[in-house]
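The values are calculated or read from the model by the stated rules, or taken from the named source; none is laboratory data. These figures come from a predicted structure and were not determined experimentally. Cβ placement follows ideal geometry from the backbone for every residue including glycine, while neighbour counts extend to all protein chains displayed. We work out accessible area using only protein heavy atoms, side chains counted, and drop any ligands, DNA or RNA first. Shrake-Rupley method; radii C 1.70, N 1.55, O 1.52, S 1.80 Å.
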Amino acid sequence: MDILIGVSRGLVSPGCIEHAAMIWHTIKSAKREKSDLSVLWMDLANAYGAVPHAMIRFAMEFIYIPGKLQRLVLNYYNNFQMRFSTQQYTTSYQALEVGIPMGCTVSPILFVMSMELMIKPAQCVCKGVEHYPR
């Protein structure tokens, strides 16, 4: 038997299409059998830009990143600032409390650590749906 837990990471790929087909099949089966089914579909638009720095801090503590490394990363993030300019006006610098910069070597690791904080608890609560072989 195949177990569908419903976790798919990454951009649209053949695997994503296969997961979508399996989820659609599961929804139709639940409707036909009049059984309960909960489905969560997360669209992570601007995924890197939406991660709060507090979540990064918690993720590093949760998976026991050494304190020295935590302080190094958090010092880097605590100094993020941004300002906007137009032809007539420039804002003052504002501290950023959300977002992982693209192009930074450690960014993908911090993003995955942060997403694991959401995915792991869901896997414990939702054991998945059993699918019989074709």
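Kindly indicate the residue of the stretch 66-101 that is of a type in the set (A, V, I, L, M, F, W, C) and touching a residue at least 12 places away in the same chain (Cβ under 8 Å) and also farthest from K120 (Cα to Cα) among those meeting that condition.
Taking the stretch 66-101 first, the residues of a type in the set (A, V, I, L, M, F, W, C) are 69, 72-74, 80, 82, 84, 95-96, 98, 100.
From what's left, touching a residue at least 12 places away in the same chain (Cβ under 8 Å): 73-74, 80, 82, 95-96, 98, 100.
On the way: V73: 23, L74: 23, F80: 29, M82: 33, A95: 30, L96: 27, V98: 22, I100: 21 Å.
Result: M82.
Can you pull out every residue in the stretch 52-101 that is open to solvent by less than 100 Å² (accessible area, probe 1.4 Å), in a loop (DSSP other than H, G, I, E, B) and of a type outside the set (A, V, I, L, M)? Answer for the stretch 52-101, where residues must be open to solvent by less than 100 Å² (accessible area, probe 1.4 Å), in a loop (DSSP other than H, G, I, E, B) and of a type outside the set (A, V, I, L, M): P66, F80, T86, T91, S92, G99, P101.
Evaluation of R134 against the conditions (1) surrounded by 10 or more Cβ atoms within 10 Å (Cβ to Cβ); (2) modelled with pLDDT under 90; (3) basic (K, R) shows that the sole unmet condition is (1).
Restricting the search to the stretch 19-51, which residues are open to solvent by 100 Å² or more (accessible area, probe 1.4 Å), over 30 Å from G103 (Cα atoms) and among the polar types (S, T, N, Q)? Once the filter is applied, which keeps residues that are open to solvent by 100 Å² or more (accessible area, probe 1.4 Å), over 30 Å from G103 (Cα atoms) and among the polar types (S, T, N, Q), the stretch 19-51 yields only S38.
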